[in-house]
Structure formats: structure tokens, C-alpha cells
Amino acid sequence: MLDKNGIAKRIAQEVQDGYYVNLGIGIPTLVANYVRNDIEVDFQSENGVLGMGPFPFEGEEDADIINAGKQTITTLPGASFFDSAMSFSMIRGQHVDLTILGAMEVSENGDIANWKIPGKMVKGMGGAMDLVASAENIIVAMMHTNRAGESKLLKRCSLPLTGVGCVKKIVTNLAVLEVTNDGFKLLERAPNVSVEDIKNATQGHLIVEGDIPEMNL
Amino acid sequence: MINKKVDSVQEALQGVSSNMTFMFGGFGLSGIAENAIAELVEIGVKGLTCISNNAGVDDFGLGLLLQQKQINKMVSSYVGENEEFERQMLSGELDVELIPQGTLAERCRAAQAGFPAIYTPAGFGTEVAIGKETREFDGKMYVLEHAFKADFAFVKAWKGDAAGNLVFKGSARNFNPNMCGAAKITVAEVEELVPVGILDPNHIHIPGIFVNRIFQGEHYEKRIEQRTVRQRD
């Protein structure tokens with residue numbers, strides 16, 4: 001079974017040379033730590049930064065340079081700042097190659113819910129609805145089950161949707177799955193996790209074809 | 001040169017009254033119109049509709065207006081990190097319209113640019129699209145979203161001049177440029193008001209035509225919401 005860093009490490013393998021990548025808050029943010037350093041990747045932050053760098057050294061924080069999680073950051077050579085309309089032109093216009101975001105629920109047809117629990121938690125969707133409605137290449141990073149032990153990979157989402165039929169790939173603490181027309185197709189198992197474990201933790205339709213390899217981390 | 005300079009925040013906010021709709025630039029606490037917000041608390045106008053990506057934190061930004069119960073309705077994309085906001089929303093005291101961040105930006109820009117509405121794929125098939133016109137273009141579904149109508153836009157820039165020209169710094173730019181000229185009156189506050197002619201015309205982000213009043217803010221706290229650092233090796 002993977003921890004959050006393990007999930008991030010596996011997703012980092014999906015990042016290719018020349019990609020512009022938008023990372024959501026939470027596990028997705030960790031992906032930046034594991035991207036191979038022999039490839040060129042630019043991170044976009046939807047509040048208006050392209051070419052994000054690491055956190056600043058202590059004493060060098062700047063209130064005017066933050067990421068979408070409102071954290072102080074730095075920029076790398078070649079970076080740019082821009083307004084929110086232009087930022088979402090990059091996103092809606094499909095100039096961003098890969099979007100990685102967290103989710104509360106994903107359904108077997110690729111619907112995603114991650115912005116609201118009615119009556120309980122309403123933080124808002126931020127840029128998530130724009131990202132999932134537009135991106136060609138969306139990977140969800142999340143735990144396979146919620147804190148109550150219930151599956152987050154469902155036949156149908158029970159929470160209000162963020163987007164419909166948009167998720168292509170899911171990386172969890174247990175598995176890598178692809179969303180197909182017929183349901184969740186199991187691609188890889190996490191270390192020390194059996195196909196049976198994944199079946200038990202998946203409420204939606206799971207497709208298992210042949211031997212399922214273990215992730216190569 | 002047409003002069004947009006006013007001498008004080010009080011003069012800049014002349015004409016604001018209760019039950020108006022205001023736009024506020026800023027993302028989180030970055031690039032917010034600190035001086036205009038403080039003055040709105042002072043004036044005590046109530047029943048406001050506020051269009052702003054976020055709602056501040058409990059004791060800063062728009063949180064200050066929330067504390068005084070001056071806001072009737074918020075139109076935002078993300079409102080976490082604010083307990084008083086959550087309390088007012090869940091108790092029904094505060095009306096909240098949550099919309100996608102890109103839609104928020106584009107509804108501002110549409111108002112600025114003279115478009116009555118725009119089609120966006122964001123939110124199609126979700127509760128955000130309920131009651132809205134949808135349309136298919138090239139096999140993909142889009143939602144019709146209308147330009148905002150607002151009485152005042154309060155924006156904050158790094159530098160500006162009496163002509164109303166604005167230059168922003170870093171990611172504090174965010175929604176500020178999109179809101180300039182998107183309301184009946186745009187009030188810009190700047191950290192530094194420089195003499196006309198100093199700003200290089202090549203480097204101006206927002207031309208003065210989009211700004212009605214400009215003043216230099218007396219004080220900027222520029223609070224950091226999430227201070228994240230790395231250790232030196």
C-alpha cells in the first residue's frame with residue numbers, strides 16, 4: 001500500500017518532457033517533488049503563475065508571489081505572471097497538457113466530485129470545474145477509500161459533481177486504474193496489495209484482465 | 001492627460017451606498033484592496049453583494065466586512081479558511097453563489113469587454129448549470145454565463161499614475177485587471193503612485209481608460225496566508 005508520497009511518486013511517472021502541468025492542492029502538490037530532473041516541465045498555478053519553483057528560503061517570502069494554495073513560492077527562470085482570465089484561457093483553451101487533482105469520489109464513467117458535501121462542508125470549486133471541463137488529460141490522485149473505509153470509486157457519485165465523464169486515470173494508495181467505457185480498468189497494483197484487496201475496496205465496476213503487474217516505483 | 005487621481009480613500013469611495021454590488025480583486029489575501037475594504041467598514045454600508053474569488057479570512061480582507069454583517073451575498077469560487085463565513089452561510093444569514101474560478105474571471109472580463117454573456121464548458125452537468133441555457137458546439141456542451149453588473153470595482157495594483165495606468169506585481173495581479181472597467185466605477189488603489197511619464201507605456205498592464213479613480217493606499221499589511229519556506233542546505 002502506498003502513502004501520499006508514494007501516490008505522488010507514481011503519478012510523477014506520467015509527467016512527460018515538454019508538459020505544462022497544473023497541480024491541485026493536497027497529494028497533487030507533492031508530484032512536483034518526484035518529477036525526473038532530466039526533463040523540462042513547467043508548472044502552472046491558476047492564480048496566475050507559469051514556471052513555479054520551490055518554496056522560498058526563510059526570509060525571502062513575498063506576499064505577492066503565491067500559488068493556488070495561497071502558499072509562498074518562488075519562480076524559475078522563464079516564468080511569467082498573468083491575470084485570472086488569461087490563466088483560465090490556458091486551461092480552457094487546452095494549452096495545459098496535464099491536470100492532476102484530488103477527489104472525494106470518482107464514478108466508473110469518469111464523473112468527479114470534489115467540492116462540496118451538502119450541509120457539512122462547502123469550500124467551493126475554485127478552478128476545479130474549469131480544469132476538469134477542459135483538460136484532455138486528467139489524473140485523479142486520492143486514497144482508494146474514505147476515512148469511514150468506504151470506497152471512493154463508485155458506480156455513481158453521491159456528492160455534487162465537479163465534472164462529468166472527464167477523469168481518464170486514477171492513482172490511489174492501492175492501484176492505478178483507467179476509466180474506460182465499461183468501468184474502472186485495473187492497470188497496476190501497489191506493492192503488497194492483491195487484486196482481491198482492490199476488488200473489495202472498489203464499489204464501481206472493476207475490470208481485471210490477465211495478470212496485473214505491481215507498480216514499478 | 002485625463003486626471004484620475006483623488007487625494008484620499010474617502011474621496012475615492014464617494015457614492016458607495018448600501019445594497020450595492022461590488023467587485024473586489026485579489027486571490028486569497030494577495031492583491032486585495034486593503035484600504036478600500038477598511039474604509040467600507042468605516043462607512044458601514046450594508047446589504048452588499050460582493051463579487052470576489054475568496055471571502056478573506058476571519059480577521060482580514062472581506063472577512064472584516066463579514067464580521068460587521070455588511071455582506072448580504074457573496075459570489076465566489078472558493079471560500080474555505082473562514083469560520084465566520086461558514087457559520088453565516090450554513091445558518092442562512094449569508095447568500096452564497098459559488099461559481100467556477102474561470103467563469104468568475106470571464107464574467108468580469110465580459111463586463112469589461114462589452115460581451116453580454118459567454119459560453120463555457122465549466123460546470124456543465126453540475127449544479128452550477130441548473131437553470132442556465134446550455135448549447136452544443138462541435139459535439140461538446142457549454143453553459144451560458146452572463147457578464148456581471150456591478151456598481152463599483154475595487155482593485156489594487158503595485159504602481160500607478162494619475163492617468164490611471166496600472167502595473168501589478170507577481171501573482172497579486174490575479175482578478176484585478178479583469179475587474180478594471182467591469183463596473184460602473186473602478187477605484188484603483190496602489191502601493192506607489194508615481195508621477196505621470198515615469199511608467200514605461202510598454203510595461204503598463206491596465207491602461208488608465210479602465211480606471212475612474214486612483215489613490216495611493218496609506219498602509220499595506222500584505223498578510224501572508226500560508227507561509228511556506230524551505231531550509232537552506
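Within the stretch B:75-89, being more than 8 Å from every other protein chain (Cβ to nearest Cβ) and part of a helix (DSSP H, G or I) holds for B:Glu83, B:Glu84, B:Phe85, B:Arg87, B:Gln88.
Here's the yes/no breakdown for (1) surrounded by fewer than 20 Cβ atoms within 10 Å (Cβ to Cβ); (2) at pLDDT 95 or above; (3) among the basic types (Lys, Arg); (4) part of a strand (DSSP E or B):
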{"residue": "B:Arg107", "(1), (2), (3), (4)": "no, yes, yes, no"}
{"residue": "B:Gly123", "(1), (2), (3), (4)": "no, yes, no, no"}
{"residue": "B:Glu136", "(1), (2), (3), (4)": "yes, yes, no, yes"}
{"residue": "B:Met141", "(1), (2), (3), (4)": "yes, yes, no, yes"}
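Restricting attention to the stretch A:202-217 and to residues that are open to solvent by 60 Å² or more (accessible area, probe 1.4 Å) and assigned to a loop (DSSP other than H, G, I, E, B), the residue that is modelled with the lowest pLDDT turns out to be A:Leu217. Among the residues of the stretch A:72-99, the ones that are buried (at least 20 other Cβ atoms within 10 Å of the Cβ), within 18 Å of the chain's Cα centre (by Cα) and more than 18 Å from A:Met125 (Cα to Cα) come to 2 in all.
Restricting attention to the stretch B:48-66, the residues that are in a loop (DSSP other than H, G, I, E, B) and either among the β-branched types (Val, Ile, Thr) or open to solvent by less than 20 Å² (accessible area, probe 1.4 Å) (or both) total 7. One residue stands out in the stretch A:112-128 among those that are over 14 Å from A:Leu23 (Cα atoms) and surrounded by 24 or more Cβ atoms within 10 Å (Cβ to Cβ): the one that is modelled with the highest pLDDT, namely A:Ile112.
If the condition is being more than 7 Å from chain A (Cβ to nearest Cβ), surrounded by 13 or more Cβ atoms within 10 Å (Cβ to Cβ) and closer than 13 Å to B:Leu98 by Cα, then the stretch B:125-134 contributes only B:Ala129.
Within the stretch B:90-104, residues that are at the interface with another protein chain (Cβ under 10 Å from one of its Cβ atoms) sit with their Cβ atoms under 8 Å from residues that are open to solvent by 60 Å² or more (accessible area, probe 1.4 Å), at 6+ positions apart or across chains, in these pairs: B:Leu90/A:Gly119. Within the stretch B:110-120, is even one residue more than 19 Å from B:Gly28 (Cβ to Cβ), at the interface with another protein chain (Cβ under 8 Å from one of its Cβ atoms) and touching a helix residue (DSSP H, G or I) at 6+ places or on another chain (Cβ under 6 Å)? Yes, the stretch B:110-120 has at least one match.
Among the residues in the stretch A:58-69, are any in contact with a Leu (Cβ under 9 Å, 6 or more places away or on another chain) and open to solvent by 50 Å² or more (accessible area, probe 1.4 Å)? No, the stretch A:58-69 contains no residue that is in contact with a Leu (Cβ under 9 Å, 6 or more places away or on another chain) and open to solvent by 50 Å² or more (accessible area, probe 1.4 Å). Within the stretch A:3-31, if we keep just the residues that are open to solvent by 40 Å² or more (accessible area, probe 1.4 Å) and hydrophobic (A, V, I, L, M, F, W, C), the residue that is farthest from A:Thr99 (Cα to Cα) turns out to be A:Leu30. Using the structure shown, decide if A:Val193 is open to solvent by less than 20 Å² (accessible area, probe 1.4 Å), away from chain B (no Cβ under 14 Å) and hydrophobic (A, V, I, L, M, F, W, C). Taking the combined requirement at face value, the residue satisfies it.
Quickly run through the stretch A:136-155 and pick out the residues that are touching an Asp or Glu at 6+ places or on another chain (Cβ under 7 Å), open to solvent by less than 40 Å² (accessible area, probe 1.4 Å) and closer than 18 Å to A:His205 by Cα. Result: A:Lys152, A:Leu154.
When you go through B:Pro207, B:Pro195, B:Pro177 one by one, which is the residue that is of a type outside the set (Asp, Glu), touching a residue at least 24 places away in the same chain (Cβ under 8 Å) and in contact with a His (Cβ under 7 Å, 6 or more places away or on another chain)? Going through B:Pro207, B:Pro195, B:Pro177 in turn, just one is of a type outside the set (Asp, Glu), touching a residue at least 24 places away in the same chain (Cβ under 8 Å) and in contact with a His (Cβ under 7 Å, 6 or more places away or on another chain): B:Pro177.
The values are calculated or read from the model by the stated rules, or taken from the named source; none is laboratory data. Just so it is clear, the structure is predicted and the values come from calculations on it, not from any experiment. Positions of Cβ are generated from backbone atoms using ideal geometry, with glycine treated the same way; all protein chains shown enter the neighbour counts. Heads up: the accessible areas ignore ligands, DNA and RNA and are worked out on the full protein's heavy atoms, side chains in. Shrake-Rupley method; radii C 1.70, N 1.55, O 1.52, S 1.80 Å.
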